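One structure coming up, written as structure tokens, with questions to follow.
The values are calculated or read from the model by the stated rules, or taken from the named source; none is laboratory data. In this text, all values refer to a predicted model and were calculated from it rather than measured experimentally. Cβ coordinates were reconstructed from backbone atoms using ideal geometry, including for glycine residues, and neighbour counts include every protein chain displayed. For the accessible areas, the whole protein counts, side chains as well, though only heavy atoms, and no ligand, DNA or RNA atoms are used. Shrake-Rupley method; radii C 1.70, N 1.55, O 1.52, S 1.80 Å.
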Amino acid sequence: MTDREDGSGPPNEPSDAGDAPREERPSGVVGWFKWFWTTDKEVVLYMRDVVTSVAAVLAVGLILFAISGIWPPMVAIESGSMVPNMQTGDLVFVVDNERFVPEDAPVHEGKSTGVIPADIARETGHTEFNRYGDVIVFMPNGDPTETPVIHRSMLWVEAGENWVQRTDPDVSGSVSCNQVQTCPAPHAGFVTLGDANPNYDQIMGVSTVVKPEWIIGTAELRVPYLGYVRLQFSGMTAPADTAVAASNPPTLPEPTAPPARPAAAGYPTAA
């Protein structure tokens, strides 16, 4: 009996006229790799699509990380206190403030802060997101366990400075330094403000003066709506609209009483 008669012929030849050739089993790493990328088996095609998609996402992530210098390089806006220049659900690309250092940024302890506040930006014409001053992502009070805040840098102040007298009276009103817990400045840093908020963060009680080392990065680009995906995965919902806070500004205490520290609900944070 010949090998063709008993069905035991060579693996790549049909055993009879009605059978299709059997696929040769790949060997070695290179062989399996070539097979994986060339086979038309349905299961492998699905796996190949998944691998390709994941690889593309990782490649984009690595490119963004190489540019930004921080991970993750994008944050989602959770509320509306940066309206109209940032909206709830925006995804914002953030760059390490020490990566591309602008010449006009204040210098602290012999090192550039990498951030241009609004008071300096007005003199140089530097705008970000339609207004003067860099928008920064920072840890409120330097606490890494708190959700980071994304607000605009308004002033650079030195330790012990009465910074309230330098604020815009249309924002801060008639408040004086002895009515604010963070004035005089307990240390050098930035005074910040949400674009849609009724008062400065340091008067509202969101954070004390922001030290440069508390800054995660500067906001550079926003992508509308994509942040909702990030918020859904994190299980977060947007806080109450900032208009509620704006319609009920905090009542400043008498000079002899410690100032109130209202809750930060309604502030856009970076998740």
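Explain nothing, just compute: Karplus ³J(HN,Hα) = 6.51 cos²θ - 1.76 cosθ + 1.60, θ = phi - 60°, for every residue of the range 48-53 in order, whole Hz, x for Gly and Pro.
Whole-Hz 3J(HN,Hα) from phi for the range 48-53: 5, 5, 5, 4, 5, 5.
Would you mind calculating the gained length between T147 and N178 on full extension (0.36 nm times residue separation, minus the Cα-Cα distance), in nm to one decimal?
Additional length available on full extension: 8.3 nm.
Figure the gain on full extension for R122 and V101 (residue separation times 0.36 nm, minus the Cα-Cα span) and round it to one decimal in nm. Write out the running numbers ahead of the final one.
Numbers: separation 21, 0.36 × 21 = 7.56 nm, distance 1.80 nm.
Here the answer is 5.8 nm.
Still on this model: Can you divide the C-alpha Rg of the range 42-119 by 2.2 N^0.38 Å and report the result to two decimal places?
In units of the 2.2 N^0.38 Å rule of thumb, it is 1.61.
Set the Förster radius R0 to 41 Å, insert the Cβ-Cβ distance between D49 and L221 as r into 1/(1 + (r/R0)^6), and round the FRET efficiency to 0.05.
It comes to 0.90.
Could you rank the peptides 27-33, 193-199 by their average count of other C-beta atoms within 10 Å per residue, with the highest value first?
Descending packing order for the listed peptides: 193-199, 27-33.
Amide H of M154: which non-local residues (sequence gap of 5 or more, or other chain) have their own amide H closer than 5 Å, using H built in the peptide plane?
A118, V191, T192, L193
While we're on this one: Hey, can you grab everything whose amide H is under 5 Å from the amide H of H108? Only 5+ residues off in sequence or another chain; H modelled, so Pro and N-termini drop out.
Counting only residues 5 or more places away or on other chains, the set is T113.
First compute the accessible area of the range 29-90 with a 1.4 Å probe, then give the percent of it belonging to carbon and sulfur atoms.
76
When the Karplus curve 6.51 cos²θ - 1.76 cosθ + 1.60 is applied with θ = phi - 60°, which whole-Hz ³J(HN,Hα) does each residue of the range 89-105 get, with x for Gly and Pro?
Values per residue, Gly and Pro as x: x, 5, 9, 10, 7, 10, 10, 3, 5, 9, 7, 10, 7, x, 5, 8, 5 Hz.
If only Cα atoms are counted, what is the Rg of the range 192-234, and what is its Dmax, in Å?
13.8, 33
On each of the three principal axes of the Cα atoms of the range 48-180, give max minus min coordinate, whole Å, ordered largest first.
65, 34, 32
Quick one: which residues, 5+ away or cross-chain, put their amide H under 5 Å from the amide H of L226? H built at 1.01 Å from N.
Here the answer is L91, since their amide H atoms fall under 5 Å of that of L226.
Carbon-plus-sulfur fraction of the accessible area of the range 93-190, 1.4 Å probe, in percent?
Values: 2040 of 4660 Å².
Ligands and nucleic acids excluded, carbon and sulfur reach 44 percent.
In Å², what does the accessible area per residue of the range 77-152 work out to with a 1.4 Å probe?
Each residue of the range 77-152 exposes 43 Å² on average to a 1.4 Å probe.
Using a 1.4 angstrom probe, figure out how much accessible area the range 161-234 has per residue, in square angstrom, rounded to the nearest whole.
Roughly 44 Å² per residue, with all protein chains present.
Using mean Cβ contacts within 10 Å as the protection proxy, how do 124-134, 46-56 order, highest first?
124-134, 46-56
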